[in-house]
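Okay, structure first, notes after.
The values are calculated or read from the model by the stated rules, or taken from the named source; none is laboratory data. Fair warning: this is a prediction, and the values are worked out from it, not measured in the lab. FYI the Cβ positions are ideal-geometry reconstructions off the backbone, even for glycines, and counts take in every protein chain you see. Quick note on the areas: whole protein, heavy atoms, side chains included, nothing else; ligands and nucleic acids left out. Shrake-Rupley method; radii C 1.70, N 1.55, O 1.52, S 1.80 Å.
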There are 2 protein chains.
Amino acid sequence: MRPTMKDVASAAGVALKTVSRVVNGEPGVNPTTAERVRAAIDALGYSRNESARVLRQGRTATVGLVIEDISDPFYSGLGRAVEQVAIAHGCLLLSGSSGENPERERELVRTFCARRVDGLIVVPAGDDHSYLRPELDAGTPAVFVDRPPGPEIDVDTVLCDNAGGARLAVAHLRRAGHRRIAFLGDSPSIFTAAERLKGYRAALGGLFDPALVSMRAPDLAGTGADLEHMLGLPDPPTAVFTGNGRLTVTTLRTLRGRPLALVGFDDFELADLLTPGVTVVAQDPAGLGRVASELLFRRLAGDRGPAQHLQLPVRLIARGSGEQSPSDS
Amino acid sequence: MRPTMKDVASAAGVALKTVSRVVNGEPGVNPTTAERVRAAIDALGYSRNESARVLRQGRTATVGLVIEDISDPFYSGLGRAVEQVAIAHGCLLLSGSSGENPERERELVRTFCARRVDGLIVVPAGDDHSYLRPELDAGTPAVFVDRPPGPEIDVDTVLCDNAGGARLAVAHLRRAGHRRIAFLGDSPSIFTAAERLKGYRAALGGLFDPALVSMRAPDLAGTGADLEHMLGLPDPPTAVFTGNGRLTVTTLRTLRGRPLALVGFDDFELADLLTPGVTVVAQDPAGLGRVASELLFRRLAGDRGPAQHLQLPVRLIARGSGEQSPSDS
DNA sequence: TTGAAAGCGCTAACAC
DNA sequence: GTGTTAGCGCTTTCAA
């Protein structure tokens, strides 16, 4: 159906190899011949079959990215950054959403590896990564981002300072006078959620009260109900620390203007336009993606050094919601 | 480096073809033999080289998606829907961002076609699609979504009712008593922006005033300045219709609470939590993606009918900002 | 039920 | 400067 190099060759009256040379920009082709070949290529609408090239050369010039959900702004920001670095290195990005499902994560990685991606960037959903062993051994480098891999493998990792960010948030609320600070977090099986809980707990010290902690997959019904329940306690929270962007939004939607001091992990668009502005601990999704993919391309360029474990800083952005005093609620 | 079928075959003591049969689940293999082969596969960590399979069979089981920017919630929502339909059909999604650059759009399509995607879904950045001719002729179907292709090709198209949505927005504002309604739109070279301008103009009739129209690529400096200039006119607008989600946010950021009736094209998260809530004409990005990819898979399943041109409805969601009367500003 | 051989479209290695 | 040949890892075809 589609024209092949052979078709181009006979159309241009040259040998296969000459067409290959022209297509690949190899030197040592007579300009006139090259022009004739190019004309044939245009006339036939030829485009090289990458599968054949890959089969021969081994390198696919593709990179695989596994994230949780591309429609989540955090991951789409991260994905865009990875894509840009990939383009800069002449690579195509394959990406897929795991939906927080370890089985699907595995399947995506398997699919990518079967397509022989040159490298992998993974936001893991599961915590057993022994399945990656053969791929790593076969020379396919992997970089984990946002969350570390299980103990079975030791690969480059780029995380943010989860515990530190949580401590920052809680300390900020304590400085405003709060002693009853709730934590609404994601499911404790998720690394970042567990780390943020640790930071929250450390910063609270003796003020820690398990009745003020809710950790579950974010959905309005569950987390919202937990918050309502806490607010109905005899000694209710006067402030809340939300464990990620989605939970912050869920919380705002539950509160609907009721005053409660709030600091959220993750920045989000429009946080500054709400009333009051939402104080957040901001991480840099694009930065995570950029650093992770640069690490990967360094590996692809031949870096065989020990696995690197990087941590990116977070910063607190005060906008109003986190500066309300306990008496305001 | 990586084990091949041949390696598995010799490890299991069978012929290449038997391994192939097991890997592909073909019938007619002795269960005992199959088990032995599977053991060898696990022991070696074998995974089939898809490039080789594709080279032989022709079908890649991949679909290419070209969008404007994956970090834009509109496109990431669309992309996620396409991904889900692709998964349901056992396909991998290749996607890339054109960044509103026709050259990059072309390059992405070329890359995808060189990788022999089975089909294409395109949000075009340019308006000349003659370059797609050879691919279409070679049997690679394409579906255009959000914006139509240039006149050179006639392919399946899924759009939303841009002009109708704009009329809806303006009529809504007129009903609230507004006669001076500004339009802040994206660059007029973009199909959706041009269509929305048409609808705006049609709904305004004799009230149309070019001094109240700004059309340019969204950025705070430019569009914000245009709006400020309009607000400084002797007969300033009392309402504004913003042409897409990004422009709505830009406008909110420019106004920073100053009262001005507002209806925006595109819904966005938190629109309901702002004060006042932002009235929007909502389209359904996931619906666009889903319908477009279902159309594509129908083509891949063999549908050879004439090109379809679908239009998805939009709906107005009143939240407060569009119901303010002229005297409020 | 199993296997041998040919060939998908390309590039690497080596003629000429 | 150009062409010939072999072979990447798999599936298809045909034979045993």
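Here are some notes:
- Between the Cα long axis of helix B:102-114 and the first principal axis of chain B there is an angle of about 20°, rounded to the nearest 10.
- Just checking the listed ones, B:Arg179, B:Arg104, B:Arg36: in the Gaussian network model of chain B with Cα springs under 10 Å, the one fluctuating most is B:Arg36.
- Angstrom value of the Kirkwood radius, inverse mean 1/r, which spans all Cα pairs in segment B:24-127: 16.0
- Taking 0.36 nm per residue of separation and subtracting the Cα-Cα distance, full extension of the segment from B:Arg38 to B:Glu107 would add 20.7 nm.
- In this calculation the C-beta distance from B:Glu26 to B:His309 is compared with R0 = 25 Å, giving a FRET efficiency of 0.05.
- Within the accessible surface of segment A:5-48, defined with a 1.4 Å probe on protein heavy atoms only, the carbon and sulfur portion equals 53 percent.
- A simple charge model with +1 on the Cβ of Lys and Arg, -1 on the Cβ of Asp and Glu and nothing else charged puts the dipole of the protein assembly as shown at about 1160 debye relative to its Cα centre.
- Here the gap between A:Asp128 and A:Arg179, fully extended at 0.36 nm per residue and compared with their Cα-Cα distance, gives a gain of 14.5 nm.
- Multiplying the residue separation of A:Thr275 and A:Gln57 by 0.36 nm and removing their Cα-Cα distance gives an extension gain of 72.7 nm.
- Summed over both chains, the contact between A and B buries some 4700 Å² of accessible surface at a probe radius of 1.4 Å.
- Using a 7 Å Cα-to-Cβ projection, A:Pro326 label spacings across copies, nm, ascending: 5.3
- Rounded tilt (10° steps) of B:191-204 against the dominant C-alpha axis of chain B: 30
- Neighbours of B:Ile317, meaning other residues whose beta-carbon lies under 10 angstrom from its beta-carbon, give a summed charge of 0 when Lys and Arg score +1 and Asp and Glu score -1.
- Evaluated over segment B:267-329, the Cα radius of gyration and Dmax, each in Å: 18.3, 59
- Scaled to the globular estimate 2.2 N^0.38 Å, the Cα spread of segment B:100-188, given as radius of gyration, is 1.46.
- Near A:Arg216, the amide H atoms lying under 5 Å from its own belong to A:Gly185, A:Asp186, A:Ser187; only residues 5 or more places off or on other chains count, and H is placed 1.01 Å from N.
- Chain A: equivalent-ellipsoid semi-axes (sqrt of 5 x gyration tensor eigenvalues, Cα, Å): 52, 20, 16
- Here the accessible area of segment A:105-159 is 43 percent carbon and sulfur, with a 1.4 angstrom probe and all protein chains present.
- Rg over Rh [alpha-carbon atoms, Kirkwood Rh] for segment A:211-262: 0.91
- Each pair of Cα atoms in segment A:5-48 enters the Kirkwood radius, and Stokes-Einstein at 25 °C and 0.890 mPa s then converts it into a translational diffusion coefficient of 249 µm²/s.
- Per-residue ellipticity at 222 nm, computed for chain A from helices alone with -39500 (n - 2.57) per DSSP H run of at least four residues, works out to -13000 deg cm²/dmol.
- Summing charges over neighbours of B:Glu35, with a neighbour being any other residue whose Cβ is under 14 Å away from its Cβ, gives +2 when K and R count +1 and D and E count -1.
- Split the accessible area of segment B:183-300 by element, probe 1.4 Å, and carbon with sulfur accounts for 56%.
- Value of Rg/Rh across the protein assembly as shown [Cα atoms, Kirkwood radius]: 1.01
- Charge tally in the Cβ shell below 9 Å around A:Gly126, where Lys, Arg are +1 and Asp, Glu are -1, A:Gly126 excluded: -3
- Dividing the alpha-carbon radius of gyration of segment B:1-75 by the rule-of-thumb value 2.2 N^0.38 Å gives 1.54.
- Separation of segment B:302-323 from segment A:179-246 is 40 Å, based on Cα centroids.
- 7 Å along Cα→Cβ, label-point gaps from B:Arg59 to other copies, nm, shortest first: 3.2
- Solvent-accessible surface of chain A, averaged per residue with a 1.4 angstrom probe and all protein chains in place: 41 square angstrom.
- Inter-copy label distances at B:Gln311 (7 Å, Cα→Cβ; nm, one decimal): 5.7
- The rule of thumb for compact globular proteins, 2.2 N^0.38 Å, goes into the C-alpha radius of gyration of segment A:162-283 0.93 times.
- Taking all pairs of distinct alpha-carbon atoms in segment B:43-193, Kirkwood radius in angstrom: 17.5
- Structural descriptor for chain B: relative contact order 17 percent, calculated from alpha carbon pairs under 8 angstrom and at least 6 residues apart.
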